[in-house]
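Comments concern the structure below.
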Amino acid sequence: MNPTDSDDDRPAAAAAADSAAPQQPLEWRFAQVFGERAAGEDVQEVDIISAIEFDKSGDHLATGDRGGRVVLFERTDARDHANRSELERQDVPITRHPEFRYKTEFQSHEPEFDYLKSLEIEEKINKIKWCQSANNALFLLSTNDKTIKYWKVQEKKIKQVSVMTLDTSTVGNGATSRASTSTSVPLPNGGCSEKSDGLNGDLLFPPGGYPSLRLPVVTTSQDVNLAARCRRVYAHAHDYHINSISNNSDGETFISADDLRINLWNLEINSQSFNIVDVKPTNMEDLTEVITCAEFHPTHCNTLAYSSSKGSIRLIDLRQSALCDNHSKIFEEHEAPGARSFFTEIIASISDVKFSRDGRYLLSRDYMTLKLWDLNMDSGPVSTFQVHEHLRPRLCDLYENDSIFDKFECCLSGDGRHVATGSYGNMFRVFGSTTGSTDVTTLEASRNPMRRQMSNPNRPTRGTMTSMARGVRRGGENLGVDANGNSLDFSTKLLHLAWHPTENSIACAAANSLYMYYA
């Protein structure tokens with residue numbers, strides 16, 4: 001050690017060394033699966049998962065499906081955190097990963113019909129967002145295409161009413177008596193008239209009364225029942241399908257977005273909302289882009305971002321004006337001259353945006369790539385991750401079977417060091433997002449997530465033209481090649497996934513199955 005180094009310099013030097021050290025790639029392992037499908041088992045359309053969301057603590061996970069149901073899971077190893085902290089202080093290795101169990105489920109939305117527009121409104125859950133919990137109750141927002149609902153889920157002890165009984169076999173000194181009897185005389189419209197002969201003197205009352213007479217008493221058992229109750233319904237505010245909802249950090253408001261408008265709601269008021277963004281032109285023939293996603297900043301209650309079908313992300317400040325038609329910043333990447341084609345605008349459309357936990361970065365997903373943006377630098381993305389570059393020669397086929405319009409979600413790790421998104425063949429990819437990181441992992445939503453890699457361990461991560469040509473079978477419209485050259489099916493796609501807020505754990509949906517992995 002250099003004697004000139006002070007104690008105050010050593011932590012800074014260590015931090016600099018840690019940041020300069022290469023980041024070790026994550027080794028992903030299978031953790032759990034819920035609703036696993038047996039081989040050859042058909043999947044019902046209503047059971048397909050359409051939304052996944054962790055709460056801020058990571059102790060609860062919610063999923064929504066196309067049948068309008070919301071299923072809640074709770075973490076089972078959370079109560080062992082104190083013991084884990086003690087073990088960490090003793091340098092005992094901890095191998096436990098987050099484990100969840102089924103908690104409850106409820107029917108959030110039902111199919112409806114808009115008679116004014118002759119339009120069916122399906123019950124499919126588009127988005128779920130957790131709200132702040134209070135008094136041991138969980139609160140969350142769920143939405144389908146038109147209606148948002150605010151739910152409260154709370155444990156309630158089961159109350160039972162004890163039945164009043166009267167044992168008249170023996171009373172007092174052993175004398176028997178007869179309880180009152182009644183006869184029912186039917187009346188019109190389903191009524192009845194009861195005639196009782198209990199006061200005719202046949203019933204003998206012993207001294208001290210009946211010892212077996214019990215009045216009905218409400219008793220509370222030790223068993224608990226989870227009850228989900230809809231607190232409020234926010235309806236009739238969107239002419240087009242709702243594509244996203246997002247909670248504000250103030251805990252009082254949230255936004256909902258459709259193709260042309262973004263509305264601001266107060267959680268306590270469902271009778272009105274404020275329109276804060278409106279991109280609808282006077283003449284609909286002049287419409288060139290639509291809103292695809294909207295997200296509040298995680299810590300600044302006045303800031304939100306929304307993406308468009310042209311590949312741009314606009315940052316707006318609610319303090320500027322009531323109607324935020326003018327953005328404070330815009331993030332977009334300009335295309336190279338001469339690179340424009342028929343598919344350019346389609347594949348540039350952003351399907352999802354997510355803020356990092358600290359609010360410094362913004363992650364966006366278009367059809368081909370993941371892009372990481374620094375809010376302080378709007379000249380271009382700081383990192384671009386290729387997801388579907390190997391599918392570029394097959395854009396015509398993807399357009400014909402509508403796969404090019406699939407909307408894949410994205411997520412960031414809690415520490416911001418990794419990003420993830422889904423792909424075809426029930427695959428998802430995890431990228432290292434730190435400077436200089438080359439960590440790229442492709443996993444399959446199955447009990448053996450590394451199965452595809454084990455079959456071709458030496459194949460490069462980006463497929464070549466020759467390998468793609470070999471992988472395409474004649475007559476198979478849905479068959480293609482993944483990033484490692486393995487054949488895949490475009491009809492199986494992993495659209496929805498979420499990263500645990502504090503652990504390296506990912507939950508993803510493959511049809512009706514919920515898979516969880518940890519690293």
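The values are calculated or read from the model by the stated rules, or taken from the named source; none is laboratory data. A quick note: this is a predicted structure, and the numbers were derived from the prediction, not measured. Neighbour counts are summed over all protein chains in view; Cβ atoms, including those assigned to glycine, are modelled from backbone coordinates with ideal geometry. Surface areas here come from the heavy atoms of the whole protein model, side chains and all, with no ligands, DNA or RNA. Shrake-Rupley method; radii C 1.70, N 1.55, O 1.52, S 1.80 Å.
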Which order do LYS152, LYS117, LYS159 take by accessible area at a 1.4 Å probe, largest first? LYS159, LYS117, LYS152
Label ASN266 and ASP358 with points 7 Å out from Cα along Cα→Cβ: what is the distance between them in nm? 3.5
Accessible surface of PHE331 - all protein chains present, 1.4 Å probe, nearest 10 Å²: 0
Order by protection proxy (mean Cβ within 10 Å, highest first), peptides 392-398, 423-429, 144-150, 269-275: 423-429, 144-150, 392-398, 269-275
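Quick check: residue separation of ASP250 and THR438 times 0.36 nm, minus the Cα distance between them. What number comes out in nm?
Details: separation 188, 0.36 × 188 = 67.68 nm, distance 3.75 nm.
Going from the current span to full extension adds 63.9 nm.
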At a Förster distance of 45 Å, what's the computed FRET efficiency of SER328 paired with GLU45, Cβ-Cβ distance as r, to 0.05? 0.60
In nm, to one decimal, how far is the modelled label at VAL218 from the one at VAL233, with both set 7 Å along Cα→Cβ? 2.7
Using 1/(1 + (r/R0)^6) with R0 = 22 angstrom and r between the beta carbons of ASN275 and GLU345, what's the FRET efficiency to the nearest 0.05? 0.25
Heads up, I need the accessible area for GLU105: 1.4 angstrom probe, whole protein in place, Å², nearest 10. 90
Which of LEU370, ALA339, SER356, positive extreme of dipole for the stretch 332-379 (C-beta unit charges): SER356
Using alpha-carbon positions, what is the distance between the centroids of the stretch 310-324 and the stretch 244-261, in Å? 13
Working with all protein chains in place, sort CYS410, CYS131 by solvent-accessible area computed with a 1.4 Å probe, largest first. CYS131, CYS410
Taking R0 as 41 Å, what FRET efficiency do you get between ARG29 and ASN376 from their Cβ-Cβ distance, rounded to the nearest 0.05? 0.65
Extended-chain gain in nm, criterion 0.36 nm per residue less alpha-carbon gap, ASN135 and CYS396: 88.5 nm
Distance (nanometres) between label positions extended 7 Å along Cα→Cβ at GLU36 and GLU389: 3.6
Rounded accessible area of HIS297 (nearest 10 Å², 1.4 Å probe): 10
